[in-house]
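Below is one structure, written out as C-alpha cells; the observations come after it.
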Amino acid sequence: AFVELGKRNDVRVIVLAGEGKSFSAGGDVNWMRKMVGYMFEENVADADAMAKMLRVIRECPKPVIARVHGAAYGGGVGLTAACDMAVAVESAVFCLSEVKLGIVPAVISPFVMEKIGPGQMRRYGLTAERFSAVEAKRIGLVHEVFASVEEMDRWIEQMCETLKTNGPKAFAEAKRILSEVAGVPWDQVQDRTTRTIAEIRASPEGQEGLKAFLDKRPPNWISKK
C-alpha cells in the first residue's frame, strides 16, 4: 500500500490508522500459532518482510502520520515509530511487550530507538511495562496527545491541510537527507547537503516555490479551489 501511495501524484499525505478498538495490539494470534512451527529460514524470511514493511513506511516519499488509539503493543510501537509524525489519544497504551513472550524487539528496534533513544529503549524494551500516551510524548514516540478522538482527528485534518501547502517533491528529498545526515560526522555530510540544496533550488519545484514567494502568490502545487 505504501509503495503504491508513495508513487501517486494525487496523494499528498498518508494517515496510518487502525480499525477496531486498537491501533495495533501486536502480533495476530493465528499468525503466532503458525510461527511457533517455523524453521530458522522461515523465521528469517518472516522477520525480513516486517523489516521491509517498516522501511517502506519510514522511507515513503509522502509525509506519514500515525493516528494511535487503543493499544500499540510490540509491532504497533514499531509502526508508530516508522511514521514521520505520531499523535495519540490520552487513553492509548503502549508496550514493547516482546520479552514477556520470551522474544525480543529486534526488527522494530532501529525505528523505535531513532525516536526514543537508547536509554528509553533499554528501559521499556527490557521491562515490557505498559506506558501511557503522555509518557510516549515525553520520550519522543508521539508528538501530540489529545483528550478525545475527535480532537485528534481535527488536529490531523489541520496538519494535512498545512502539509498540502508544501512542495510535494521537497518532502521526499527532505526525508532522504534527514536520514542520511543522522549520526554522520559533519565533514562527511557537507558535500551531500550543499549539493542537495543546490539541486533543489535549480529544480522546477524549487524554482516555482522561490518565484511564488517573491511574487507573493501561491505556488502551483496548491489547489486553487
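The values are calculated or read from the model by the stated rules, or taken from the named source; none is laboratory data. If you're wondering where the values come from, they're calculated on a predicted model, not measured in any experiment. Positions of Cβ are backbone-derived with ideal geometry, glycine not excepted, and every protein chain shown enters the neighbour counts. The protein model used for the area step is the full one, side chains on, heavy atoms only, and it has no ligands, DNA or RNA in it. Shrake-Rupley method; radii C 1.70, N 1.55, O 1.52, S 1.80 Å.
Using only C-alpha positions, report the orientation-averaged shadow area of the convex hull of the chain, nm², one decimal.
So the Cα hull casts an average projection of 15.0 nm².
Heavy atoms only, 1.4 Å probe, whole protein assembly: order HIS143, HIS69 by accessible area, highest first.
The ranking, largest first, comes out as HIS143, HIS69.
Ordered by residue, what ³J(HN,Hα) values in Hz, to whole numbers, does region 95-109 give under the Karplus form 6.51 cos²θ - 1.76 cosθ + 1.60, where θ = phi - 60° and Gly and Pro are x?
For region 95-109, the Karplus-derived couplings read 6, 8, 8, 4, 5, 5, 9, x, 10, 9, x, 7, 4, 7, 4 Hz, x marking Gly and Pro.
What accessible area, in Å² to the nearest ten, does a 1.4 Å probe give for ASP191?
Roll a 1.4 Å probe over it and ASP191 shows about 90 Å².
Roughly what would the spin-label model give for PHE213 and LYS164, points 7 Å off Cα along C-beta, in nm?
2.3 nm
Between THR194 and VAL99, what is the label-to-label distance in nm when each label sits 7 Å out along the Cα-to-Cβ direction?
Each label point lies 7 Å from its Cα, and together they span 4.6 nm.
How many nm is it between the label spots at GLU157 and ARG8, if each spot is 7 Å from the Cα in line with the beta carbon?
Placing both labels 7 Å along Cα→Cβ, they lie 2.1 nm apart.
Of LYS164/LYS216; LYS21/LYS164; LYS52/LYS164; LYS34/LYS115; LYS52/LYS115; LYS21/LYS169, which pairs sit farther than 25 Å apart, going by alpha carbon to alpha carbon?
LYS21/LYS164; LYS52/LYS164; LYS34/LYS115; LYS21/LYS169
Straight-line reach from LYS100: which aspartates and glutamates have a Cα under 15 Å away, not including same-chain ones fewer than 8 places off?
Hits, sequence-local ones excluded: GLU129.
How tilted is helix 168-181 with respect to the longest principal axis of the chain? Cα atoms for both, answer in degrees (0 to 90, nearest 10).
Compared with the principal axis, the helix lies near 60 degrees.
Would you grab the residues whose amide H sits under 5 Å from the one on SER97? Only those 5+ places off in sequence or on another chain, please, with H modelled 1.01 Å from N.
GLY74
How much accessible area does LYS169 have with a 1.4 Å probe, in Å² rounded to the nearest 10?
We get 150 Å² for LYS169.
Express in Å², to the nearest 10, the accessible area of TRP31 obtained by rolling a 1.4 Å probe over the protein heavy atoms while all chains stay in place.
90 Å²
Name the aspartates and glutamates eligible as straight-distance cross-link partners of LYS62: C-alpha to C-alpha under 13 Å, and not fewer than 8 places from it in the same chain.
Counting by Cα, and skipping residues close in sequence, LYS62 has these aspartates and glutamates nearby: GLU4, ASP10, ASP84, GLU173.
Within region 66-92, what residues put their amide N at less than 19 Å from the label point 7 Å along the Cα-to-Cβ vector of ALA128?
Only 71-79 fall inside the zone, counting backbone N under 19 Å.
Just by accessible area at a 1.4 angstrom probe, what is the order of GLU42, GLU199, GLU205, GLU19 from largest to smallest?
From most accessible down to least: GLU19, GLU199, GLU42, GLU205.
Can you tell me which of LEU96, LEU210, LEU54 moves the most in a GNM of the chain? Springs connect C-alpha atoms under 10 Å apart.
The residue with the greatest mean-square fluctuation here is LEU210.
With a 1.4 Å probe and all protein chains kept in place, how do VAL15, VAL64 rank by accessible area, largest first?
Correct descending sequence by accessible area is VAL15, VAL64.
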